[in-house]
Each structure stands twice: as C-alpha cells, then as structure tokens.
1. Could you list all residues from region 36-48 that are surrounded by 11 or more Cβ atoms within 10 Å (Cβ to Cβ) and either of a type outside the set (A, V, I, L, M, F, W, C) or touching an Asp or Glu at 6+ places or on another chain (Cβ under 6 Å) (or both)?
2. Show the residue pairs that are 6+ apart or on different chains and have beta-carbon atoms under 6 Å apart, the first residue being within region 43-70 and closer than 28 Å to residue 24 by Cβ, the second being at pLDDT 80 or above and among the polar types (S, T, N, Q).
3. Spot the failing condition for residue 44; the list is (1) of a type in the set (A, V, I, L, M, F, W, C); (2) assigned to a helix (DSSP H, G or I); (3) touching a strand residue (DSSP E or B) at 6+ places or on another chain (Cβ under 6 Å), and only one is missed.
4. Counting only residues that are among the charged types (D, E, K, R), surrounded by 10 or more Cβ atoms within 10 Å (Cβ to Cβ) and in contact (Cβ under 8 Å) with a residue 12 or more places away in the chain, how many does region 22-35 have?
5. In region 61-75, what residues are of a type in the set (A, V, I, L, M, F, W, C) and exposed (fewer than 10 other Cβ atoms within 10 Å of the Cβ)?
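The values are calculated or read from the model by the stated rules, or taken from the named source; none is laboratory data. Keep in mind that what you see is a predicted model, and the values were worked out from it rather than measured. Note: ideal-geometry Cβ built from the backbone for every residue, glycine included; neighbour counts use all protein chains shown.
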Amino acid sequence: MVREIRVRRSGSSVTVTLPKDMMDRLRVEAGDKLFAIETEHGVLLTPCDPRFEPAMQAFEEVRGRYRTTLRKLAD
C-alpha cells in the first residue's frame, strides 16, 4: 500500500503522522518506538529492532556451545 505522508515542522524538529489504519497494521500506538532503517530503496519504518536478530543468533551459538555449563549455573 502506498500512502502520501507529509512532513511537518514542530518547533525545531519535524514530524510525520501515520494514518490510523497503518498504525493498526504495525500494531503501534502513540509513545511506541519505531526504527527507521535506510535502505537502497528508501527508508524502512518498522517496530522491530534490527539489532535483535543478530543478538539472538549469537545467543543460540553460545547456548549450544555451553549447554552443560548453563544448565549447571541454572541449578
């Protein structure tokens, strides 16, 4: 879906307003964090932290490698 969104001045900053239907699809509300990721095609706006996936991959490696140690620490 393509929507035209205006950039407005708000003091010394600028703001954009997302339509309600877009916010509903993104499952975001006022006060939530969104991440703006610059891509070769423009800007991707997402509620998902792009740093989360690499951190989870690192955790999976450590968990597999140190399974026994982590189990003993949990006891």
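1. If we filter region 36-48 for residues that are surrounded by 11 or more Cβ atoms within 10 Å (Cβ to Cβ), which is where we start, we get 37, 44-48.
Of everything in region 36-48, those that are surrounded by 11 or more Cβ atoms within 10 Å (Cβ to Cβ) and either of a type outside the set (A, V, I, L, M, F, W, C) or touching an Asp or Glu at 6+ places or on another chain (Cβ under 6 Å) (or both) turn out to be 46, 47.
2. Final answer for the pair search is none.
3. Only one criterion is unmet by residue 44, namely (2).
4. Initial filter on region 22-35 (among the charged types (D, E, K, R)): 24-25, 27, 29, 32-33.
Next cut, surrounded by 10 or more Cβ atoms within 10 Å (Cβ to Cβ) only: 24-25, 32.
Those left that are additionally in contact (Cβ under 8 Å) with a residue 12 or more places away in the chain: 32.
So the answer is 1.
5. Start the filter on region 61-75 by keeping residues that are of a type in the set (A, V, I, L, M, F, W, C), which leaves 62, 70, 73-74.
Passing the criteria: 73, 74.
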